[in-house]
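Since the structure comes first, as structure tokens, the remarks are kept for the end.
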Amino acid sequence: MKQQLEPLEILRTGLSSMHQMLDEAIGDMNLKQLNWQSSDGGITPFFSLWHYVRTEDNIINFVVQGKPTVWIEEEFNVQLGLHRTSQGTGMSADEAAQIVLKDLALWRKYQQGVWAASENYLRTISPTQFNSRKVTIKPLPEMSLWEGLFNICLSHGFRHVGEIEYARGLLGLGGLTI
């Protein structure tokens, strides 16, 4: 009989898997491909990636732990020339189109910093907090820590993996092998 995973292990393995998929999804993409936008509209692969990584950074570091994000602490906003606090939620299509990546190596450094910060946090959290602790992730109403980490980080993140895979297909790069 297969052993059932505990909630903390679901988060750890799920986020690790998603991080690996996002790394792989952009691994062979260049700036032109990451900033590509379909003539039919929609968002760029980079916008989808930027939005998700910034969201995870905001939730795990700022909302949950009450500390500066990797984005702010290491001044990636300044180095990449992107908004200091925005992460895309509620942006218009025109605003989203302004999110352009100009330094892929620097972005990768930021992304890996967020992955490391999330993994460090998940090594220290007590699962007893999942239902007893409440968090507010704006613009959503208050929710349990579990709902925030599972729904907004993990489930939401896999959605963005799919968006990037779809863009890869349109660009002729193929999807990921799962």
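The values are calculated or read from the model by the stated rules, or taken from the named source; none is laboratory data. Only a predicted model underlies this, so the values are computations on that prediction, with no experimental measurement involved. As a convention, Cβ positions derive from the backbone with ideal geometry for all residues, glycine included, and neighbour counts pool all protein chains shown.
Here is a list: 157, 148. Which entry is part of a helix (DSSP H, G or I), closer than 21 Å to residue 49 by Cβ, in contact with a strand residue (DSSP E or B) (Cβ under 7 Å, 6 or more places away or on another chain) and in contact (Cβ under 8 Å) with a residue 12 or more places away in the chain?
Only one candidate qualifies: 148.
Given the condition of a type outside the set (A, V, I, L, M), modelled with pLDDT of 95 or more, loosely packed, with under 14 Cβ neighbours inside 10 Å and in a helix (DSSP H, G or I), answer yes or no: does some residue in segment 80-94 qualify?
The answer is no, given that none of the residues of segment 80-94 is of a type outside the set (A, V, I, L, M), modelled with pLDDT of 95 or more, loosely packed, with under 14 Cβ neighbours inside 10 Å and in a helix (DSSP H, G or I).
Determine, yes or no, whether residue 8 is over 15 Å from the mean Cα position of the chain (by Cα), outside any helix (DSSP H, G or I), surrounded by 13 or more Cβ atoms within 10 Å (Cβ to Cβ) and not hydroxyl-bearing (Ser, Thr, Tyr).
no
Restricting to segment 139-178, and then to whatever is in contact with a Ser or Thr (Cβ under 8 Å, 6 or more places away or on another chain) and of a type in the set (D, E, K, R), can you tell me which residue is surrounded by the fewest Cβ atoms within 10 Å (Cβ to Cβ)?
142
Kindly evaluate residue 72 against the criterion of being surrounded by fewer than 19 Cβ atoms within 10 Å (Cβ to Cβ), among the aliphatic types (A, V, I, L, M) and out of contact with any Phe, Trp or Tyr (no Cβ under 8 Å at 6 or more places or on another chain).
yes
Is there a residue being under 30 Å from residue 40 (Cβ atoms) and either assigned to a loop (DSSP other than H, G, I, E, B) or of a type in the set (Val, Ile, Thr) (or both) anywhere in segment 105-128?
No; the residues of segment 105-128 include none that is under 30 Å from residue 40 (Cβ atoms) and either assigned to a loop (DSSP other than H, G, I, E, B) or of a type in the set (Val, Ile, Thr) (or both).
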